[in-house]
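Asker: Supplied in structure tokens, the structure appears directly below.
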Amino acid sequence: MNSLENQAMEMLGAINNKNIIPSNGRYADLNLSAAIDSNLAWPEPQPLLAKLQPEAYPVEALPNGIRAAVQEVHGFVKAPLPLVASSALGALSVAGQAYVDVERTSKLTGPVSLFLLTIADSGERKSTCDGFFTKALRDYEQEQAEVMKPEIERYQAEMDSWNAERDGLLSAIKEAAKKDKPTNQLKANLAELQQDKPEPPRIPRILLGDETPENLAWRLAKEWPSAGIVSSEAGSVLGSHGMGKDSIMRNLALYNTLWDGGTHSIGRRTSESFTVKGARLTTALQIQEATLREFNDKSGNLARGTGYFARFMIAWPESTQGTRLFTEPPEHWPNLAAFNSRISEILSTPAPLNAEGCLEPVLLKFTPEAKALWIEFYDSIESMLSSGKELYDVRDVASKSADNAARLAALFHVFTYGVNGSIGTDSFESASSIVAWHLNESRRFFGELALPSGMADAVRLNDWLIQHCKQNCTQFVAKRFVQQYGTVRDGMRLDAAINELESLDRIQIRKDRKKVSIWLNRRIVSKEVA
């Protein structure tokens, strides 16, 4: 190592080891990386793998009122744009799913509920975004709870009376049995009383958190038939007891049935069995990549094999952490206020419940022109599912894309025009653009999920190094900093990923006494190779 390199390593190593990054994200007036590396010959880096690149989120495809709110929130929160948009779509799905179903064509009808999954680390501000977009949903829950107070009090009084009568009959039966007196009439009276047990009032609770699958099914069957699981820590959902080895298959089947709008029966030995029917469920989850991989490994690929993951619109955005400099919020939040006002208007219509408490939504159909676009979208997806074609490796996800496009188009129609009329080309064109973007995200993620874990770590480390070096106008970073803030933090796995990238001539490890730095191939930094 020459003297110039020694000097530069000490200066910039000190910066990295102290984790000091100037406020503009650059290494100020230091242009030492280029000076150090200018005379060093780097070999041609070998390709890591044939990797799909992320596409820009098509925010312009969102209907005006949704787009304006998403951009307003994104401008202040500075979370990844796809994450912000998914929060808005999740809120819209929870609000609209009770009121309409969608008909793709004759005999092909179903719910409009969405399953949304954002793969991102903690700290990406999903909870903050959800809080902005679910305000109208939370206000609705509180208002309904207040309105239903008299009904709750009436039910409690009726239950007190019913329990007193039941206790009296049980005591009478017990007393008669002791005295060897006939109990047939008393038992008949008890059976008749059981049929007259008061039914609790249905109070809308539409935002749920980390529910176990069985508790979720009970709520939908007995309390309110439309709800959304909105969580910034989906690991607690996918990692719950209900997703354990012995129960994961039947619980994945429950979620799949709810997405399809079907009927699901829960049998119990020690308490009341029940059936979920005419219910709608939205899921809007964020999960860390490592947690999702662990769940996939634990389930033995059941989540993919049963079609559970295929139903999700997946987003895997790049982190914005480290670039979210503070800005003042917009005064009065006009666009977000308009969004929540529209959600409130949708919810102000009574839910279409039948006598059994099941939903009977209005069936929305496409205009002839929009249906032609849907068929074109369906056929274009289908043509890419065969072996060797672009979507072959994600054909499970792709096969649900036309359904998701129809669902999202119906929700856009409800937001813009209400529950009447037919879905037009504007709504479907918007929806198909969004769904196509999510399909590419699924291709990206599931393509890497299939990689051996060591190669997957190398891919993530490679991407993080490139992003970090570009953002900070440098060519190297202290290994200690990488382990503390990078995407691969386990020591042994990080060393294995480093070895993989070194073998492909994409990085070099350089040591100066106790300081270890990772240098990115300058051909990559200067974009001479992709």
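The values are calculated or read from the model by the stated rules, or taken from the named source; none is laboratory data. This one's a predicted model, so the numbers in the text were calculated from it and none came from an experiment. Because the Cβ atoms are built from the backbone with ideal geometry, glycine has one as well, and the counts that use them run over all protein chains shown.
Asker: Can you pull out the residues in segment 75-88 that are assigned to a helix (DSSP H, G or I) and farther than 24 Å from Asp426 by Cα?
Answerer: Residues satisfying the conditions are Gly75, Phe76, Val77.
Asker: Can you tell me which of Thr327, Thr367 is closer than 24 Å to Thr105 by Cβ, surrounded by fewer than 18 Cβ atoms within 10 Å (Cβ to Cβ) and of a type in the set (S, T, N, Q)?
Answerer: Thr367
Asker: So, one more: Cβ-Cβ distance below 7 Å, separation of 6 or more or different chains: which pairs start in segment 168-181 with a residue that is assigned to a helix (DSSP H, G or I) and end on one that is among the charged types (D, E, K, R)?
Answerer: As it stands, the answer is Ile173/Lys187, since those pairs meet every condition given.
Asker: Which is of a type in the set (Lys, Arg) and modelled with pLDDT of 85 or more, of Arg280, Arg268? Write out each step before concluding.
Answerer: Numbers: Arg268 fails: modelled with pLDDT of 85 or more.
Exactly one residue qualifies, and that residue is Arg280.
Asker: For residues that are among the small types (Gly, Ala, Ser) and surrounded by 13 or more Cβ atoms within 10 Å (Cβ to Cβ), scanning just segment 169-223, find the one that is farthest from Ser265 (Cα to Cα).
Answerer: Residue satisfying both the conditions and the ranking: Ala176.
Asker: Before we move on, is Leu373 over 25 Å from the mean Cα position of the chain (by Cα), surrounded by 17 or more Cβ atoms within 10 Å (Cβ to Cβ) and assigned to a strand (DSSP E or B)?
Answerer: no
Asker: Out of (1) in a strand (DSSP E or B); (2) among the aliphatic types (A, V, I, L, M); (3) modelled with pLDDT under 95, the odd one out for Val394 is which?
Answerer: Among (1) in a strand (DSSP E or B); (2) among the aliphatic types (A, V, I, L, M); (3) modelled with pLDDT under 95, Val394 violates only (1).
Asker: Next question, about the same structure. Could you tell me whether Phe295 is under 19 Å from the mean Cα position of the chain (by Cα) and of a type outside the set (Lys, Arg)? Walk me through how you get there before you give the answer.
Answerer: On the way: under 19 Å from the mean Cα position of the chain (by Cα): yes; of a type outside the set (Lys, Arg): yes.
It is true that Phe295 is under 19 Å from the mean Cα position of the chain (by Cα) and of a type outside the set (Lys, Arg).
Asker: Would you call Leu216 more than 20 Å from Pro350 (Cβ to Cβ), part of a helix (DSSP H, G or I) and modelled with pLDDT of 85 or more?
Answerer: yes
Asker: Given the criterion over 17 Å from Thr283 (Cα atoms) and not assigned by TED's automatic domain parsing to the domain that holds Val276, identify the matching residue among Lys222, Lys187.
Answerer: Lys187
Asker: Hey, does segment 442-454 have a residue that's closer than 30 Å to Arg342 by Cβ and either crowded, with 22+ Cβ neighbours inside 10 Å or outside the structural domain of Ser319 (by TED's automatic domain parsing) (or both)?
Answerer: Yes, there is a match, as at least one residue in segment 442-454 is closer than 30 Å to Arg342 by Cβ and either crowded, with 22+ Cβ neighbours inside 10 Å or outside the structural domain of Ser319 (by TED's automatic domain parsing) (or both).
Asker: Take the residues in segment 416-441 that are touching a strand residue (DSSP E or B) at 6+ places or on another chain (Cβ under 6 Å) and crowded, with 22+ Cβ neighbours inside 10 Å, then tell me which one is farthest from Leu81 (Cα to Cα).
Answerer: Ile423
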